[in-house]
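The values are calculated or read from the model by the stated rules, or taken from the named source; none is laboratory data. Quantities reported herein were computed from a predicted structural model and do not represent experimental measurements. All Cβ positions, glycine included, derive from the backbone under ideal geometry; neighbour counts span all protein chains shown.
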Amino acid sequence: MAATSSLQADGDKGKSSEASSKWLNAVSDPMTNIHTFPACMALADLHGDGEYELVVGDLGPDGRQPRLKVLKGTVLRESPLPALPAAAVTFLMESHEPQTPAVAIASGPCVYMYKNLKPYFKFSLPPLPVNPLEQDVWNQAKEDQIDPLTLKEMLEGIREKAEVPLSVQSLRFLQVELSEMEAFVNQHKSKSIRRQTVITTMTTLKKNLADEDAVSCLVLGTESKELLVLDPKAFTILAKMSLPSVPVFLEVSGQFEVEFRLAAACRNGSVYMLRRDSKRPKYCIELSAQPVGLVLVHKVLVVGSNQDSLHGFTHKGKKLWTVQMPAAILAMNLLEQHSRGLQAVMAGLANREVRIYQDKALLNIIHTPEAVTSLCFGRFGREDNTLIMTTQGGGLIMKILKRTAVFGEGGGEADPLLSQPVKLNVPRKTRIYVDQTLREREAGTAMHRTFQADLYLLRLRAARAYVQALESSLSPVSVTAQEPLKLHAVVQGLGPTFKLTLHLQNTSTARPILGLVVCFLYNEVLYALPRAFFKVPLLVPGLNYPLETFVKSLSDKGISDIIKVLVLREGQSTPLLSAHINMPMSEGLAAA
Amino acid sequence: MIWSTRNSAYTFTAPEFPILEKQNWLIHLHYIRKDFEACKAVIKEQLQETQGLCEYAIYVQALILRLEGNIQESLGLFQMCAVLSPQCADNLKQVARSLFLLGKHKAAIEVYNEAAKLNQKDWEICHNLGVCYIYLKQFDKAQDQLLSALHLNRHDLTYIMLGKIFLLKGDLDKAIEIYKKAVEFSPENTELLTTLGLLYLQLGIYQKAFEHLGNTLTYDPTNHKAILAAGSMMQTHGDFDVALTKYKVAACGVTESPPLWNNIAMCFFGKKKYVAAISCLKRANYLAPLEWKILYNLGLVHLTMQQYASAFHFLSAAINFQPKMGELYMLLAVALTNLEDTENAKRAYEEAVRLDKCNPLVNLNYAVLLYNQGEKRDALAQYQEMEKKVNLLKYSSSLEFDPEMMEVAQKLGAALQVGEALVWTKPVKDPKSKHQTASTSKATCFQQPLGSNQALGQAMSSAATYGKLPSGAGGTSQLTKPPSLPLEPEPTMEAQPAEASAQTREK
């Protein structure tokens, strides 16, 4: 498929260069050093002067210097944040004039609210209930009724069974070494145990009016698998819902006091649907993959999965369509063009593309110099339709949609494979091939006969050689039923003395072989061996027996000869195995 | 800033413990974006800060390790997670998954059963249990688990696995039923559509097969499996140009598919572009040297090209891989006849007659050879054998015969003085225009024994049989150039052996 996808990409490139006229390039700065993700980007008129500003919760280049960055026109202001931002939204707190939206940054267990870009309020999540048993145990420890060892045992018991997890303090205690337990208990026993959770995601929900400038509530998703709705003025918890898993992305439509639908994509790979009166999810979509983005387009819930695909679902969790992406999805967001009533999904992909889809139809592809990790679309400055993207390396790209631009279906992609005539790569045949064909037609019979005759000759020769080898036991493997043996010989050295090693192996499965002898046949004028005849020890099946002997070359004329090795059974004259060893020339003597 | 991070850090009582889950969301974010380097950095930091207590960090680290192929290490980390929170079914599921990937299916089943105790309504557990049982060949248990998974929540994957079980059991009808339901549930899943189409093709329900394969191609015009199957069906109907355009699309995607090149070659063969056909077949043969169907086609094309020596080699190679097919021996015999090796040709015909049960051509060709050798009695026996088969075929199915074959048979009948054989009465009446359809149905008759479970094999077999079709048209042109055969004793019969040999060459 590799060839297909590359072809597709090429086809698209040509298309998009002509289609890129839909966008005007406003800003393209690779050095802005913004590292963020779609949930931490928001556009709002923070000063009420009609100039929309970009609010970014920035993680910092290595995720260590969290900052709140606000871009107005080309002016970037920043202030440090106490911890990494998990989400950033802008919302209206009250309905009276002048209406200036507040900025909310979710970070750790708190939401930090800014008004006019000045710190305004800090909301902290209420601590989670602790296990009463755990509390009891610690109370006993506090009053020195139990020693640390018993404490440990009891805590372990609670951990095994209880529904409510232990507090950090108890977990830490369970890890402490025996010697340090006493000190740990003394240090911590006076403290009340606490369980704290953190915010994982945040979004806004209109309170009672559907208007653009209506007061909104904050909706928080927490690590403790809960959803909280906060009152926009008093910051009290208006509603609490629980989920089967930790929420990652939230999408809300409707108004809190009338009716709303909430979709929460969770870490277990499912998307849960909740409604106003439900404390628990009403519908569930199981993706069998991790969701990487969640966008509500009109009434269709678009989910991006980490298996490189976009899925469309209804509010009741019925699957409508699936579109396969050419690369991994990094970021997703909504594109809403109010003037034309257009809503579409933008997806930033790992192959440095931003694709815009309306349902299944690809509307547009934007090619970027780097992979886009976060993006949002909306009013910036005084321009209604601005696309803001940040890239992997911390760059910022802004594009303005031309007012004349209309997204047409199929604008991004015509099927390149069907439209282009493809040449089939048929191997060519040479002149020689044709000549040979003609020759075969003329003299086919003769060719066939010659071939058959040669084939028979070859077979005959092979058979003769084989019979000869069998007759003289020349093969290195003996196949007789009694003595299955394998022999191979190695000659080492430069001469005049060589080392001859015979490797003898009994290849039977269970039976040892006893009573074998080895005999060397050689020209006594040329070579001298200490023993020309010796007994072989008992051969255990499977083991390799190296039998070494020295061979001295007597000739100084540089002559070499064959030494025959025979393996015999005692009392029989026909050899079981035989080997002809071509001795090398003695170089040592020549040098001397 | 007003908020300081260390409000309580300097109180002398005891240091505040960091929240364990503080950066879980960030870990997850990096993980789903497949930014594993950044993810590992955050995990390391988090684990240091919490002294290894952060369960989610360990969990994601194990997931990443598993994706990177370190299954054994990931298993250890998942087990650690299971110790940290023993009530969580998720951890157990991952432990089981790692065991499954390591091939320890029995151990995986045990852990999945543990997890099922904690969470009874999880389709994933049921589905994976089912898959484990498939690997252990306990199909009934697997079926139960997969059905209960479907009951909890319907997923394409479960349908596919369930269908696979029925295919493994050899129950095609049940498999089709399952795939039908699956297609109803997710009508755009091309894998499901293709599999269903191929199953219909296997059962010979061409209309439905074509419908489903067509649907696949509307959703994914480059799905090569569907292209190959649909193309082979078009080929069977003689639409070589349409099939070729389809194959061209597939050839861009999978350039090294032997069945694809085989089918392309047979398209060229159908269009009488023999050199191109040989080129493509040789490529297919290079890609799959042990595939007898390609060798069969190569033999066939070389016979048509009158390259009998080459044809002999390809056919004998094909016979070495597939020694149980009468037609192969018949083709070999035709090649040998043309190579003037009558003795061996006869032996090959004997073998072909022994193996073949339904093809009258085998007997007819043999009879022609025997007649040319002057062995009229044996020729007569073969001729009668052929008549038997023809009668059988006529009554068992609505087959119509190749008119050229009928002509040769009639001439031979006359020569053998059996009188005008009446076996052909029905087909002879058929007008010439039915030529194409007649050959099509003949091809389908061969398709059955050749067919295999494999989609590609299926496509291939139809091509292999198809190869014989167009030669009916091609044969006439070769009649003008009679091949070297021993001459007939009776001058009146001179035309006949040439025709017969043309016939045999085709078949």
Report yes if some residue within the range B:132-151 is without any contact (Cβ under 8 Å) to a residue 40 or more places away in the chain, surrounded by fewer than 20 Cβ atoms within 10 Å (Cβ to Cβ) and within 14 Å of chain A (Cβ to nearest Cβ); otherwise report no.
yes
So which residues in the range B:29-46 are within 21 Å of B:V83 (Cα to Cα) and in contact (Cβ under 8 Å) with a residue 12 or more places away in the chain, if there are any at all?
B:I43, B:Q46
Would you mention how many residues in the range A:288-309 are within 13 Å of chain B (Cβ to nearest Cβ), assigned to a loop (DSSP other than H, G, I, E, B) and surrounded by fewer than 21 Cβ atoms within 10 Å (Cβ to Cβ)?
5
Within the range B:332-351, restricting to residues that are within 32 Å of the chain's Cα centre (by Cα) and crowded, with 24+ Cβ neighbours inside 10 Å, the one that is nearest to B:L370 (Cα to Cα) is B:Y349
Among the numbered criteria (1) out of contact with any Gly (no Cβ under 9 Å at 6 or more places or on another chain); (2) modelled with pLDDT under 85, which one does A:A104 miss?
(2)
In this structure, is A:E160 loosely packed, with under 15 Cβ neighbours inside 10 Å, among the acidic types (D, E), out of contact with any Leu (no Cβ under 7 Å at 6 or more places or on another chain) and within 11 Å of chain B (Cβ to nearest Cβ)?
yes
Can you find even one residue in the range A:87-95 that is under 22 Å from A:T201 (Cα atoms), free of Cβ contacts under 8 Å to residues at least 40 places away in the same chain and either surrounded by fewer than 18 Cβ atoms within 10 Å (Cβ to Cβ) or within 14 Å of another protein chain (Cβ to nearest Cβ) (or both)?
no
Can you name the helices (runs of 4 or more DSSP H) wholly within the range B:300-367 that have at least 2 residues being touching a residue at least 60 places away in the same chain (Cβ under 8 Å) and not β-branched (V, I, T)?
B:326-338
Return a yes/no flag: does the range A:192-206 have any residue that is assigned to a loop (DSSP other than H, G, I, E, B), within 30 Å of A:P101 (Cβ to Cβ), of a type in the set (D, E, K, R) and touching a strand residue (DSSP E or B) at 6+ places or on another chain (Cβ under 6 Å).
no
Taking the range B:283-300 and the residues there that are under 18 Å from B:A335 (Cβ atoms) and over 18 Å from the mean Cα position of the chain (by Cα), the one that is farthest from the other protein chains (Cβ to nearest Cβ) would be B:L300
On the given criteria, is B:F240 in contact (Cβ under 8 Å) with a residue 12 or more places away in the chain, under 28 Å from B:I205 (Cα atoms), within 12 Å of another protein chain (Cβ to nearest Cβ) and of a type in the set (F, W, Y)?
no
Mind listing just one residue for me: the one in the range B:42-70 that is of a type in the set (G, A, S) and farther than 24 Å from A:C110 by Cβ and, of those, surrounded by the fewest Cβ atoms within 10 Å (Cβ to Cβ)?
B:G69
Among the residues in the range B:66-79, are any at the interface with another protein chain (Cβ under 8 Å from one of its Cβ atoms) and charged (D, E, K, R)?
no
Determine if the range B:28-36 includes at least one residue that is in a helix (DSSP H, G or I) and more than 12 Å from chain A (Cβ to nearest Cβ).
no
Here the residues within the range A:299-320 that are at pLDDT 85 or above and at positive phi are A:D308
Residue among B:K180, B:K164, B:K225 that is within 15 Å of the chain's Cα centre (by Cα), of a type in the set (K, R) and at pLDDT 85 or above
B:K164
Please list, ordered by first then second residue, the pairs with beta carbon atoms under 7 Å, 6 or more apart or interchain, first in the range A:348-368 and under 15 Å from A:H298 (Cβ atoms), second of a type in the set (S, T, Y).
A:L363/A:Y357
Please go through the range A:519-548 and give me each residue that is within 16 Å of A:A489 (Cα to Cα) and under 60 Å from the mean Cα position of the chain (by Cα), ordered by number.
A:L543, A:N544, A:Y545, A:P546, A:L547, A:E548
Every residue in the range A:44-64 that is loosely packed, with under 15 Cβ neighbours inside 10 Å and under 28 Å from A:V246 (Cα atoms), please.
A:P61, A:D62, A:R64
Residue in the range A:248-280 that is surrounded by the most Cβ atoms within 10 Å (Cβ to Cβ), counting only those that are assigned to a loop (DSSP other than H, G, I, E, B) and in contact (Cβ under 8 Å) with a residue 40 or more places away in the chain
A:F256
Just a yes or no: is a residue in the range A:185-206 closer than 30 Å to A:P82 by Cα, surrounded by 14 or more Cβ atoms within 10 Å (Cβ to Cβ), touching a Cys at 6+ places or on another chain (Cβ under 6 Å) and away from chain B (no Cβ under 11 Å)?
yes
Report the residue count in the range A:487-509 for those that are in a strand (DSSP E or B) and either more than 19 Å from A:K535 (Cβ to Cβ) or aliphatic (A, V, I, L, M) (or both).
12
How many of the residues in the range A:208-221 are touching a Pro at 6+ places or on another chain (Cβ under 8 Å) and surrounded by fewer than 23 Cβ atoms within 10 Å (Cβ to Cβ)?
1
Of the residues A:P109, A:P129, A:P148, A:P165, which is of a type outside the set (A, V, I, L, M, F, W, C) and buried (at least 21 other Cβ atoms within 10 Å of the Cβ)?
A:P165
Have a look at A:V551, A:V490, A:V540 and point out the one that is modelled with pLDDT of 85 or more, in contact with a strand residue (DSSP E or B) (Cβ under 9 Å, 6 or more places away or on another chain) and surrounded by 19 or more Cβ atoms within 10 Å (Cβ to Cβ).
A:V551
